[in-house]
Amino acid sequence: MKESTESLNFIEHIIEEDLKNGFPKDQLRFRFPPEPNGYLHIGHAASICLNFGLGEKYNAPVNLRFDDTNPAKEEQEYVDAIKRDIAWLGFQWANECYSSDYFQQLYDWAIQLIKEGKAYVDQQSSEEIAAQKGTPTTAGTDSPFRNRPIEESLDLFERMKNGEFAAGSYLLRAKIDMASPNMHMRDPILYRIINKAHHRTGSDWCIYPMYDWAHGQSDYVEQVSHSLCTLEFKAHRELYDWYLDQIYDSNLLRPKQREFARRNLSYTVMSKRKLLELVQKNIVSGWDDPRMPTISGLRRRGYTPDSIRKFSDLAGISKRDNVTDVSLLEFCIREDLNKTATRVMGVLNPVKLVITNYPEGKSEILQMENNPEQADSGTHDVPFSRELYIEREDFKEDGGKKFFRLSLGNEVRLKSAYIIKAESVVKDESGVIQEIHCTYDPESRSGSGTEASQRKVKGTLHWVSIEHAIQAEVREYDRLFLDEAPDSHEDKGFLDFINPDSLKVISNAFLEPHLANATMDDKYQFQRLGYFTLDSDSKDGKLVFNKTVGLKDTWAKQNTPPAPANQPKQNQNSSPQGQKKPLNEIQQISKKLTNFSGDKLETALSSIATLAEEISYDELEPLFNTAAKKVGTRIGVMVALRVLLEKGQEKTSAAAEFIANGKADDNEILRAEAEKIN
């Protein structure tokens, strides 16, 4: 049955349109191009699932290419981790490639550009070059070395390659257009000197290509048909195409760059630089700490490949940046583990329970169903005896009418065992309960078929037999950050929002003996507590279990999963759960504007203008009175107001006053944006 076009994401629509227009299907080729300067995280999983998913859909090869152009930050450890993560997700690449494989070809093409007068060696500092680039609203100025003789540039470039100069002393720049409205086209840097050994090429090179130069040309060498990048590269597309223009052979396939929104997740950070900072400052135990959003961390925490692939599918592929609620990721792992995890019992905060009418010295083996969601999952043995552990919070001397667990004089069922009734307690000198004494109904054993076994009581408790229990360490994890967007604040850093209670270590948990043979591939539901998996810190005589996720979402306001990102919108002011309203996104981007310059500033302003297409004047007007010190927000509001006015919005007196104040402001960017409004 042919898939309906309505179910295609916009990237698939692009490919389908290309095929419809005559592009040969057997020439489709994709790639996943990570830079090996950190571990992959859940945001990368979106790109992995997109590219490899397209490969599966169209039966096309997908290359794994490491864009390893910066030896100062890249390591073999990261290469190995990336390969391990992709394979664990269930994907297989056609070819393992490296941009460093093409260093000689990239160098030869750079020589060609110099000879054609399209590149020159510059010896200004990075600060001087940045100052000469101008602003998004003013043209840049030429480098004093822009018209350096070709032979001189060729000589200097060779000497750069031969290691004759210090790092930072010379650069190779493309000669394009210093007045281009696209900041990326203002004589971008092609090569810089980095006197550091490369993890693959050793000390063969002293100069290394910039990402923009290496990326598109590597796509061309590999004959990638569709080069899929995240939205921050949209402004780079013109440069991507310009570079290809210089070396393109019409007999070969020309790659096409297209962009999609990166995956952002609430209550976390996605910057590899910031994740590295968490590792280096020992805020987490490493890249695979179960609180990290890395694929390695999620795997160690107990997430499954299917849950991450399902999350990527539900979150969808979008044309604009948004934030996906972490609750969707947690929903996906709950749904997966509910179907597959073995049900067991463990007590994390134990109090002793004595069944006074159960014979001393006696024990029996009960049967517990492994997974009620699977008809053929079988059962496993659970020993039962006179003395048990239950959770301390499952007992109150006087629980009241709304307490459905154990209290004096009331009955509950022990999971897969008997009905018991609490009769008395034993306390220590400080009044803390040490033992709960109960009686049991010997005719009420679960599954026995007796009339007593079918008697209904209001509560069911999990338990373990003290005589048979194994002791273990349990690590309960919460979100690493307390703030929904920890890196979006002007006046605070992301580390200010670290959750001090993100890890709780329980050193004396007691588990049923079935868990003594657990492996790290096994997934368990601790009855009534959540889903758990064995941690790699486990060793003989000491088991360590990680809590993957609770049985219910205790954070989200709603317990229903967010709608997929590619579903049609219901109305202008509604947004799917897990996706921020456009105005909120504008505010988040705006907070960072005063920290940006050059290309980053241009990209941010462009993103705000795009988002402004989806907001109303009534939403925007309250922000006209933003405090003067929050200049970034006022810039973003000015950009959004211009878009609304260009769409036909009437210029109110409040808008006119806001524009006039912007034109008189001390901030150059705010003044420039205000001047754009007639």
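Would you give the gap between the C-alpha center of segment 414-439 and the C-alpha center of segment 624-670, rounded to a whole Å? What the calculation gives is 68 Å, centre to centre.
The alpha carbons of segment 129-249 stretch over 37, 37, 26 Å along the principal axes, in descending order.
Using the average count of surrounding beta-carbon atoms within 10 Å as a protection proxy, the listed peptides 187-195, 644-652 rank, highest first, as 187-195, 644-652.
Coupling constants for segment 533-548 follow from the phi torsions by the Karplus curve (6.51 cos²θ - 1.76 cosθ + 1.60, θ = phi - 60°), and in residue order they are 9, 6, 8, 5, 6, 5, 8, 4, x, 9, 8, 10, 10, 9, 7, 6 Hz; glycine and proline get x.
Have a look at S407, N162, N59 and report the one farthest towards the positive end of the charge dipole of the chain, computed about the Cα centre with Cβ charges (Lys/Arg +1, Asp/Glu -1). Value computed over the given set: S407.
Magnitude of the charge dipole for segment 230-284, about its Cα centre and with charges confined to Cβ atoms of Lys, Arg (+1) and Asp, Glu (-1), is about 400 debye.
Here the translational diffusion coefficient of the chain follows from Stokes-Einstein with Rh set to the Kirkwood radius across Cα pairs; for 10 °C and 1.306 mPa s it amounts to 54 µm²/s.
The coefficient of translational diffusion for segment 452-519, derived via Stokes-Einstein from the alpha carbon Kirkwood radius under 37 °C and 0.692 mPa s, stands at 203 µm²/s.
Computed over segment 89-158, the alpha-carbon pair-distance distribution with 10 angstrom bins reads 17, 30, 28, 14, 10, 1, each value a whole percent. On a per residue basis, the chain carries 45 Å² of accessible surface, using protein heavy atoms and a 1.4 Å probe.
Using a 1.4 Å probe on the protein heavy atoms, what percent of the accessible area of the chain belongs to carbon and sulfur?
Numbers: 13860 of 30840 Å².
Within the chain, the accessible surface is 45 percent carbon and sulfur.
Give the percent of DSSP beta bridges with both residues in segment 327-455 that are antiparallel, rounded to the nearest 5. Bridges in segment 327-455 are about 75 percent antiparallel. Once the Cα atoms of helix 237-247 and of the chain are each reduced to a long axis, what angle between those two axes, in degrees from 0 to 90 to the nearest 10, is obtained? Rounded to the nearest ten degrees, it is 60. In straight-distance terms, cross-link reach from K73 covers every one of the lysines whose alpha-carbon lies under 23 Å from its own, apart from those fewer than eight places away in the same chain; here that gives K83, K161, K196, K272, K274, K281, K600.
Counting only DSSP beta bridges with both residues in the chain, the antiparallel share comes to about 65 percent.
Of Q104, L298, W88, which is farthest towards the positive pole of the chain's charge dipole, taken about the Cα centre with +1 and -1 on the beta-carbons of Lys, Arg and Asp, Glu respectively? Checked the options; the winner is L298.
The values are calculated or read from the model by the stated rules, or taken from the named source; none is laboratory data. Fair warning: this is a prediction, and the values are worked out from it, not measured in the lab. So basically every Cβ, Gly included, is an ideal-geometry build from the backbone, and we count neighbours across all protein chains shown. Just the protein is used for accessible areas: all its heavy atoms, side chains included, with ligands, DNA and RNA removed. Shrake-Rupley method; radii C 1.70, N 1.55, O 1.52, S 1.80 Å.
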